[in-house]
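Working notes, beginning with the structure itself.
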Amino acid sequence: MNAQDPGAVELWLLEAAAVPVGPAELDGLDEEEHRRAGRFVREADRAVYLAAHVALRHVLGRRLGLAPAELAFGREPCPGCAEPHGRPRLAGDPAGAPHFSLSHGGGRVLIGLADAPVGVDVEPLPSADSVEVLATTLHPGEQVELADVRPADRPGAFARLWTRKEAYLKGLGIGLGRPPAADYLGTAEPARRPAGWAVTDVPAGPRHAAAVALAGGGAAVGYRLRHSLG
């Protein structure tokens, strides 16, 4: 539990392989979810995607007292172009429906539920070569900070920075439709971070990084972190 504003966001950080994905769970997914799953070339990536969406339905269904298969999803308008591919939402606006966000990467699934717009991201640590390439896309202030980190520590530092950025952009509902260099999510000057949002690292083990962003939050996001659907 984060000491500040405890419980503001409910987070689930799960091993995809531990999520039960049987015929009944797969039957509860909708046509769009199955269509997107079918786009993955690698079976391992498809399995993680399916586990993530099964877990999301389980978490939301339990919160709302509905069967996972009863849930229907839609999208809010994108703040950049007004097309319907912004933040995900529950269709029909069921009573008590929370804002939510879903991420999966490196065999992990991260789900966030909150009473305000929320974004989450989880990523495996990248290779040193990937950091060298991707660092050029960052905000100038972030590039300076990353350059000051020891080379051996840069993959972890980059992953933490990138997940903060992705969580914020997903919370906005625009994702990487907004240039990664547009916003500062570094640690040296917290006051330069986007106004009206709190963005916090989430512990994810030595091989992953994760973060959560919450609209209207204070200096840090209060959260309750769970590692099991049980």
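The values are calculated or read from the model by the stated rules, or taken from the named source; none is laboratory data. Just so it is clear, the model here is predicted, and its values are computed rather than measured. Positions of Cβ are generated from backbone atoms using ideal geometry, with glycine treated the same way; all protein chains shown enter the neighbour counts. Side chains are part of the model used for accessible areas, which takes the heavy atoms of the whole protein and leaves out ligands, DNA and RNA. Shrake-Rupley method; radii C 1.70, N 1.55, O 1.52, S 1.80 Å.
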So, with points 7 Å from each Cα along the Cβ direction, the residue 26-residue 226 label distance in nm works out to 2.6 nm
Given Cβ point charges of +1 (Lys, Arg) and -1 (Asp, Glu) and nothing else, what value in debye, to the nearest 20, does the dipole of region 127-214 about its Cα centre take? 260 debye
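Which value results for Rg/Rh of the chain when Rg is the Cα radius of gyration and Rh the Kirkwood radius based on the inverse mean 1/r?
0.96
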Once both axes come from the Cα atoms, what is the angle between helix 154-172 and the longest principal axis of the chain, in degrees from 0 to 90, rounded to 10? 50 degrees
What helix-only [θ] at 222 nm does the chain give? Using -39500 (n - 2.57) per DSSP H run of at least 4, over all residues, to the nearest 500, the answer is -9000 deg cm²/dmol
Largest-first principal axis extents of the Cα set of region 59-102 (Å): 34, 17, 15
Can you give the FRET efficiency to the nearest 0.05 for residue 147 and residue 191, using r as the Cβ-Cβ distance and R₀ = 22 Å? 0.55
Could you order peptides 73-82, 161-170 by the average number of other Cβ atoms within 10 Å of their residues, highest first? 161-170, 73-82
Would you mind telling me the share, in percent, of accessible area of region 75-229 contributed by carbon and sulfur at probe 1.4 angstrom? 54 percent
With a probe of 1.4 Å, find how much accessible area region 101-230 has per residue, and write the answer as a whole number in Å². 43 Å²
With angles folded into 0 to 90 degrees, how steeply does helix 43-64 sit against the dominant principal axis of the chain? Use alpha carbons for both and round to 10. 70 degrees
